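Notes follow the structure.
The values are calculated or read from the model by the stated rules, or taken from the named source; none is laboratory data. Bear in mind that the values here come from a model prediction, so they are computed numbers and not experimental data. We place every Cβ from the backbone using ideal geometry, glycine too, and count neighbours over all the protein chains shown.
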Amino acid sequence: MNPTAEEPVRLVMAGFGNRARTYGDYLLRVAGGDASVGAVQVAAVVEPNVFRLQAALEAFSLPPASGFETWEQFLAASSGDGLRPDLQGIRAAVVATPDHLHYGITLSALGQGYHVLLEKPIAQTYRECLDIAQAARERGLIVGICHPLRYHPFFVKFRELARDEARIGHIVSISYAENIGLDRMTHAFVRGLWRNREGSNTLLVSKCCHDIDYLVWLTGSSASTVQSVGGLSLFRPEWAPEANSGAERCLDCPMERECPYSSVELYLRRRKWLRHFDLPAGFGDGDIRRVLRDTPFGKCVYRVGDNDVWDHQAVQVALHNGVEIRLAVNGVTGVEGRRIHVMGSKGELWGDEHSIRFECYPTAALPAGEREREWHFPALADAPGHAGADYAIVEDFLKGVRAALAGDRAAALPLCDISHSMEAYRIAFLEVET
């Protein structure tokens, strides 16, 4: 039986790491009912990490029996002859597990008849992405992909301006830079979960699948050719300074204070990224030191050992509508943030996530004072959840689920359904003829 407008949409959360906690914040906010999405109820949580599982159960006021260490345990309790009464009526799943688990869990969830909100990237190969898209299409189910740039106020406005032919004319080319920044690069792609392609993905897929999706959405076209170059140039054993004296961990390094990649500086002194660790309430320096002593997050960036993800990549994409895109992914930068430059037949548009500047090409008919304009976004600087984009993703998905359950197919698909995302992954996985 489908829920009425007053009844909650029941769902299961697979994974309760940093991204899932952000989505969970929104689910808690609308749990009792929201004018746009109705009521929502988290019925179960799947999370192998005991610390995170307990945090999820407490957050959603669930009993211990509603927590499962594996997806298989959840399936055994929620389907077939083993169906528990408290797990009846689940209609959707939020899949925010590590990348290598996306494919199996998502296909299984679709097989159960669940609509799925899937954390990016979709899967580890383009073939797996196609399989998920096909399964969703055959079953008439939604798979919303968590691509925040489609919902981010800055990027929504930039797209609106870039597609304004009165200002820009037709787009000729786009230059786009994703400057990851040293803190994020070393935390996520050298020491962290996305450091190894077998366990996660390439740098382009892991970090820039939603950037490419945004560019596809902005241009409204598909790729005819893709060319890519890059490599892992810095974070390798041979580049470790002699002054490091062979230290495997920053805690033991004699040059730690002068190293720009010091984990002691990042986590202990500056207290950054600690939300990603399983630290107890009221944690202190000793707890952080244990993380740096016992996990890859405390290793020397030159001696992590199993990191094979590139630290830079350049991609050139030719689209069927004639637009050329040059995308640079820069892992070794002091400043983090995206930079985008659109060059059109009438003018140009620049953006840096904080401001947008437009300048049209001079003509005799246009006074100099009317050639430029700027838009600024000061309120976005400290706005949580990617300036509200993460919450908008969940809201859009839940609206789609509610519409689908009511039989309104026309209103069901969210802005970033998997059917809208496949071209981006074809490009990101370099499945386009070069």
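Scanning segment 216-242 for residues that are touching a helix residue (DSSP H, G or I) at 6+ places or on another chain (Cβ under 8 Å) and part of a helix (DSSP H, G or I) returns V216, W217, L218.
Across segment 1-49, the number of residues qualifying as modelled with pLDDT under 90 and either more than 19 Å from D390 (Cα to Cα) or among the polar types (S, T, N, Q) (or both) comes to 9. Of all the criteria given as (1) among the acidic types (D, E); (2) out of contact with any Pro (no Cβ under 8 Å at 6 or more places or on another chain); (3) modelled with pLDDT of 95 or more, the one not satisfied by D278 is (3). Yes or no: A59 in the same structural domain as T22 (by TED's automatic domain parsing), in contact (Cβ under 8 Å) with a residue 40 or more places away in the chain, surrounded by 16 or more Cβ atoms within 10 Å (Cβ to Cβ) and within 24 Å of the chain's Cα centre (by Cα)? No, not satisfied. Every listed requirement among (1) surrounded by fewer than 24 Cβ atoms within 10 Å (Cβ to Cβ); (2) not in a loop (DSSP other than H, G, I, E, B) is met by A92 save one, (1).
For the residues D211, D287, the requirement of being among the charged types (D, E, K, R), surrounded by 14 or more Cβ atoms within 10 Å (Cβ to Cβ) and not assigned by TED's automatic domain parsing to the domain that holds S175 singles out D287. A single entry from D252, D213, D287 fulfils the requirement of being modelled with pLDDT of 95 or more and in contact with a Pro (Cβ under 8 Å, 6 or more places away or on another chain): D287. Looking at segment 294-302, is at least one residue outside the structural domain of N18 (by TED's automatic domain parsing), surrounded by fewer than 14 Cβ atoms within 10 Å (Cβ to Cβ) and among the acidic types (D, E)? Checked segment 294-302: at least one residue is outside the structural domain of N18 (by TED's automatic domain parsing), surrounded by fewer than 14 Cβ atoms within 10 Å (Cβ to Cβ) and among the acidic types (D, E). Among the residues of this structure, S262 counts as one that is free of Cβ contacts under 8 Å to residues at least 24 places away in the same chain and either small (G, A, S) or surrounded by 17 or more Cβ atoms within 10 Å (Cβ to Cβ) (or both).
Let's see how each residue does on (1) polar (S, T, N, Q); (2) closer than 19 Å to V116 by Cα:
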| residue | (1), (2) |
| --- | --- |
| A14 | no, yes |
| L28 | no, yes |
| A44 | no, yes |
| L53 | no, no |
| E58 | no, no |
| S61 | yes, no |
| L75 | no, yes |
| L83 | no, no |
| D86 | no, no |
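To keep it simple, each residue is scored yes or no on (1) out of contact with any His (no Cβ under 9 Å at 6 or more places or on another chain); (2) touching a residue at least 40 places away in the same chain (Cβ under 8 Å).
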position: S79; (1), (2): yes, no
position: L87; (1), (2): yes, yes
position: A93; (1), (2): no, yes
position: I122; (1), (2): no, yes
position: T125; (1), (2): yes, yes
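Does G351 satisfy the criteria of being surrounded by fewer than 16 Cβ atoms within 10 Å (Cβ to Cβ) and within 27 Å of Q227 (Cβ to Cβ)? So G351 fails the test. The residues of segment 63-80 that are surrounded by fewer than 19 Cβ atoms within 10 Å (Cβ to Cβ), modelled with pLDDT of 95 or more and not in a helix (DSSP H, G or I), listed by number, are P63, E69, T70. Can you say whether G140 is surrounded by fewer than 21 Cβ atoms within 10 Å (Cβ to Cβ), within 30 Å of A411 (Cβ to Cβ) and touching a Lys or Arg at 6+ places or on another chain (Cβ under 9 Å), as far as the supplied structure shows? The answer is yes for G140. Kindly provide the set of residues from segment 167-187 that are within 20 Å of the chain's Cα centre (by Cα) and part of a helix (DSSP H, G or I), ordered by number. Within segment 167-187, L182, D183, R184, M185, T186, H187 meet the criteria. Is it the case that R303 is charged (D, E, K, R) and more than 21 Å from R236 (Cβ to Cβ)? No. Here L327 clears all of (1) hydrophobic (A, V, I, L, M, F, W, C); (2) farther than 21 Å from R163 by Cα; (3) buried (at least 20 other Cβ atoms within 10 Å of the Cβ) except the condition numbered (2). Counting the residues of segment 225-245 that are exposed (fewer than 12 other Cβ atoms within 10 Å of the Cβ) and small (G, A, S) gives 3.
Within the span defined as segment 344-354, one or more residues are over 21 Å from C209 (Cα atoms) and either outside the structural domain of E165 (by TED's automatic domain parsing) or of a type in the set (D, E) (or both). Pairs are defined by a Cβ separation below 8 Å, a sequence spacing of at least 6 or placement on different chains, a first member in segment 151-179 that is crowded, with 18+ Cβ neighbours inside 10 Å, and a second member that is in a helix (DSSP H, G or I) and aromatic (F, W, Y); the pairs so defined are F155/Y214; R159/Y214; R159/W217. Checked against (1) closer than 20 Å to D396 by Cβ; (2) over 20 Å from the mean Cα position of the chain (by Cα), V50 meets all criteria but (1). Of the residues D311, D294, which is among the charged types (D, E, K, R) and closer than 21 Å to Y176 by Cα? When all the criteria are applied, what remains is D311.
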